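Q: Before we start, here is the structure in question, set down as structure tokens.
The numbers here are math on the coordinates, done by the rules we state, and not lab data. The structure displayed is predicted, hence computed values, not measured ones. Backbone-built Cβ (ideal geometry, glycine too); neighbour counts: all protein chains shown.
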Amino acid sequence: MKTGKINIPLLSISAAMHLMVDGICVCCLYLMAMNLPLNHIMAVFITYNTMAFLTQPLTGLYIDKVGNSHWPLITATGLLGVGAAVVYCLISMPALQQAAVGPFLVACIIGAGNSLFHVWGGKQTILKDGNDPRALGVFVSTGAFGLSLSYVFYSWTLLIIYLFAMSAASMGYIMLDPQKKNFAGSEEETAVDGTTKGQPVSLTTALVSLAIIGIALFVFIRSFVGEWFSGSIVKDKEIIILLVGFVAMAGKMAGGWMMKIGGLVSSLCVMIAATLICLALKGQGNTVNFIGLFMINCTMPVTLYLANYVLKGREALAFGILAAALMPGYFLSQLMS
């Protein structure tokens, strides 16, 4: 497994921004949903998830083209700010909110910002740290805790803090980036692991397609199983909701280290075996479900590593495909709950 030295400052900032981005979106949605009828709330949430996740393969194509440019980060931050401003206008003017167009507009705006940031961040992790599962796990992990944190504490105060912190973190990332001279991107960007933007993979197109389909299918199953574990946990206290997000985050972080230490095959076998054991012990209480939630989330950096390996030079597209694969599992779990 070829990995590079991790750029800890940049990875820390991008992981913190991931938490903030998901937190901003949750705050906007829940603040807006307080005055919406139930059928509108469901439709708005579906619209948001569609924009935030199912558009990521398209966003990934764009990010792979612009390479190391920071404009996607600036654009995503701006979109989230605009979305929050529209939420404020809707709440201040109930007539606009009741028209239904406004809430769907917000869902589209913040969903687009979310999609753009996630794929940009995934690509940046590859460019700065190589295809290192530890770095991948850290970047993708924090969003889970950001969701639960904002679900419990959503408020205008928290939203404003997120927006200011996101703006400061974006500027800090750009200033600390050793490749900031390529602010506008370039035709050929070299990553830590030696891959370059647009570099073709050595596998045939058919094998690449089959591999990506197989990885995406695994992600679909993981999404469904992860939602099953999460939904089976008795969330009778706010601390339990926070713990669900924390355990999911910890699993994604730990998965990268498990793979780095134990190797791809061995670590994946342990993760899958432990998950199957927890599924077999379903109904045994929150402890088993928390362990299952942790273990299934450990597989996330593994699938990202494999997708990046298969689609060398197209890492943003790989990230986007796997993000989109999460949604069918999520929707299926909601239908069956």
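Q: What ranking do 28-36, 265-273 get when scored by the average of other Cβ atoms within 10 Å per residue, highest first? Display every interim value, and only then the final one.
A: Details: 28-36: 19.2, 265-273: 15.7.
My ranking of the peptides, most packed first, is 28-36, 265-273.
Q: Using Cα springs under 10 Å in a Gaussian network model of the chain, which residue among L54, L311, L90 shows the largest mean-square fluctuation?
A: L90
Q: Return K312, K260, K65, K252 ranked ascending by Cβ neighbour count within 10 Å, so the fewest neighbours appear first.
A: On the way: K312 22, K260 19, K65 14, K252 26.
Taking fewest neighbouring Cβ atoms as first place, the list is K65, K260, K312, K252.
Q: Using Cα centres only, tell me the gap between the range 1-67 and the range 200-268 in whole Å.
A: Using only Cα atoms to place each centre, the spacing works out to 17 Å.
Q: How large, in Å, is the range 252-337 by the Kirkwood hydrodynamic radius built from its alpha-carbon pairs?
A: Numbers: mean 1/r = 0.0707 Å⁻¹.
With all distinct Cα pairs of the range 252-337 included, I get 14.1 Å.
Q: Sticking with this structure for a sec: May I have the convex hull volume per residue, in Å³, for the Cα set of the range 1-125? Before the final figure, lay out each step's value.
A: On the way: hull volume 13.8 nm³, N = 125.
Expressed per residue, the convex hull around the Cα atoms of the range 1-125 is 110 Å³.
Q: Most mobile of E238, E315, E227 per a Gaussian network model of the chain (Cα springs, under 10 Å)?
A: Result for the chain, Cα springs under 10 Å: E238 fluctuates most.
Q: As an exercise, use a Förster radius of 22 Å and the Cβ-Cβ distance of S167 and S12 to find the FRET efficiency, rounded to the nearest 0.05.
A: It comes out at approximately 0.80.
Q: Rounded to two decimals, what ratio of Rg to Rh does the chain give with C-alpha atoms and a Kirkwood Rh? Numbers along the way, then the final one.
A: On the way: Rg = 19.4 Å, Rh = 20.2 Å.
For the chain, the value is 0.96.
Q: Calculate for the chain the 222 nm mean residue ellipticity that helices alone would give, adding -39,500 (n - 2.57) per DSSP H run of length 4 or more and normalising by residue count, nearest 500 deg cm²/dmol. Each step should come with its number before you reach the end.
A: On the way: 14 runs with 263 residues, N = 337.
Result for the chain, helices only: -26500 deg cm²/dmol.
Q: Find the percent of Cα-Cα distances in the range 1-67 that exceed 14 Å, and round it to a whole number.
A: For the range 1-67, the share of Cα pairs beyond 14 Å comes to 74 percent.
Q: Another question, then. Based on other C-beta atoms within 10 Å, arrange W156, W228, W120 from fewest to most. Don't jump to the answer; show the numbers that get you there.
A: Numbers: W156 13, W228 20, W120 27.
Sorted ascending by nearby Cβ count, the order is W156, W228, W120.
Q: Percent relative contact order of the chain, based on C-alpha pairs within less than 8 angstrom and at least six residues apart? Numbers along the way, then the final one.
A: Details: 562 pairs, mean separation 101.0, N = 337.
Reported relative contact order: 30 percent.
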